Amino acid sequence: MVFTPQTILTIILLLVVAGFVFDTFLSWLNLRSQPDDIPDSVAAFYDREKYRKSLEYHRHRTNFSFVTSTFSFLLSVAMLYFGGFGLLDSWLRPVIDNEILLALVFFGVLAIASDILTLPFQLYSTFVIEEKYGFNKTTIRTFIGDKLKGYAVGAILGGGLISLLIYLIQLIGPDFWILFSLLAAILILLINMFYTTIFLPLFNKLTPLEDGELKTKIESFSKTVGFPLDNVFVMDGSKRSNKANAFFSGIGRKKKIVLYDTLIANHNTDELVAVLAHEVGHYKKKHIIFGYILSVVQVVFTLFILSLMVQSENVSLALGGTQSAIHLNLLAFGILFSPISGLTGLFMSMYSRRNEFEADAYAKETFSGPALASALKKLSVDNLSDLYPHPLYVFFHYSHPPLLKRLAVIEQS
Ligand SMILES: [Zn+2]
């Protein structure tokens, strides 16, 4: 069956509309599910005034996301409906005759234009909303620096990948997906391994743990579970926000646990060791390796589907192009594939939520349930986390189970 350009465009537009309506509905549902009051058992650690502040914060963030997503939605529909992407292609084509360079300039223009158009929203998010609720620590200087570094990383990684992809498509045709899958698997592995040694230091400073009570306690814990202390680092999260966090990253000898300085500032030693124990749990239960395998499977599947349409002329025409162009097809593919990638993303989130329970259980077994519960409570209050997200919203968007669910499991038996 061959679809005409008109049919393809109609399908793309329907998908964009359906995606927007569905996302807006989920956010609306989530906003409505917040109760005005909390039971006394919860008020014992999330005092009512803080809770009201968190409600206000969430309303503010959600209403703001309605504005930004509506803006992006209207912009996408207009670009698709009026053939804006094809128009850009036909402006660039007479000037650039190398297809790889053409694609790079095409995506570069789109990326920069969309960044400029959404800049007011980015500024409002950081310097108005986050500022109002006492989270923001980002200076204009850091903001600009982040942008420039983000552009550089995006140009090198994104540009490199697009060039390689188009080169392989030109060289071997639809079978490109086999070789490119292999290269992507290696690249994802390398990024996983070097994330904390190459990418993170571009944006943040990592320092080894300072001598003191915390280090001593962590040292004895890491001896009992066999996780090298040399791999524990502190990151200057306070450079951008007062929100606290911790994470595990890397594979093999490159593995690292990173604790934010903002986490260390607001938690006692036992709570910090409990958080660390949770992160060690992710390592011991092999979540990183399985996560890597899952993402490679996802990439292979995506590339295979891409290979079915990447050289179709009608897809390019649907986006307003005048002839077959790989970059137009890549863009169309991104939209057409979004329901499927939403589905695979859903499985990834389910897997990730399951892992959180496993890591919590590990921390409880090897260190202390009450200390972990206390740390999670503090983290949620300090970050004004949503206590009562709608189950459907959690199902689609949450990589971590909601706090009260985690507490219920940690505190049982
Ligand atoms: Zn975790």
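Just a few scattered comments:
- Any hit, the stretch 70-79, residues being surrounded by 15 or more Cβ atoms within 10 Å (Cβ to Cβ), free of Cβ contacts under 8 Å to residues at least 12 places away in the same chain and under 30 Å from L31 (Cβ atoms): yes
- Residue that is most open to solvent (accessible area, probe 1.4 Å), among those in the stretch 121-134 that are out of contact with any Ser or Thr (no Cβ under 6 Å at 6 or more places or on another chain) and within 16 Å of N383 (Cα to Cα): K132
- Considering (1) at pLDDT below 95; (2) in contact with a strand residue (DSSP E or B) (Cβ under 8 Å, 6 or more places away or on another chain); (3) more than 12 Å from the ligand (Cβ to nearest atom); (4) open to solvent by 20 Å² or more (accessible area, probe 1.4 Å), the lone condition that S222 does not fulfil carries the number (4).
- Filter pass, E210 being charged (D, E, K, R), open to solvent by 20 Å² or more (accessible area, probe 1.4 Å) and assigned to a loop (DSSP other than H, G, I, E, B): yes
- Single condition T322 does not satisfy, out of (1) open to solvent by 50 Å² or more (accessible area, probe 1.4 Å); (2) part of a helix (DSSP H, G or I); (3) of a type in the set (S, T, N, Q): (2)
- Filtered residue count, the stretch 332-351, keeping only those that are open to solvent by less than 30 Å² (accessible area, probe 1.4 Å) and among the hydroxyl-bearing types (S, T, Y): 1
- Remark: T216 matches the filter, which requires a residue to be free of Cβ contacts under 8 Å to residues at least 12 places away in the same chain, among the hydroxyl-bearing types (S, T, Y) and in a helix (DSSP H, G or I).
- Residue satisfying all of: in the stretch 380-392; of a type in the set (A, V, I, L, M) and over 15 Å from K243 (Cβ atoms); farthest from the ligand (Cβ to nearest atom) among these: L392
- Count - residues of the stretch 233-287 that are among the aliphatic types (A, V, I, L, M), within 12 Å of the ligand (Cβ to nearest atom) and open to solvent by 40 Å² or more (accessible area, probe 1.4 Å): 0
- Number of the exception - G342 against (1) part of a helix (DSSP H, G or I); (2) in contact with a Leu (Cβ under 9 Å, 6 or more places away or on another chain); (3) over 30 Å from V225 (Cα atoms): (2)
- A count restricted to the stretch 352-379 and to residues that are within 14 Å of the ligand (Cβ to nearest atom) and open to solvent by less than 50 Å² (accessible area, probe 1.4 Å) stands at 13.
- Residues of the stretch 135-152 satisfying the condition of being in contact (Cβ under 8 Å) with a residue 40 or more places away in the chain and surrounded by fewer than 14 Cβ atoms within 10 Å (Cβ to Cβ): K149
The values are calculated or read from the model by the stated rules, or taken from the named source; none is laboratory data. As the structure is a computational prediction, the values presented were derived from the model and not from experiment. When we count neighbours, we look across all protein chains shown, and the Cβ atoms used for this are built from the backbone with ideal geometry, even at glycine. These accessible areas exclude ligands, DNA and RNA; they are computed on the full protein's heavy atoms, side chains included. Shrake-Rupley method; radii C 1.70, N 1.55, O 1.52, S 1.80 Å.
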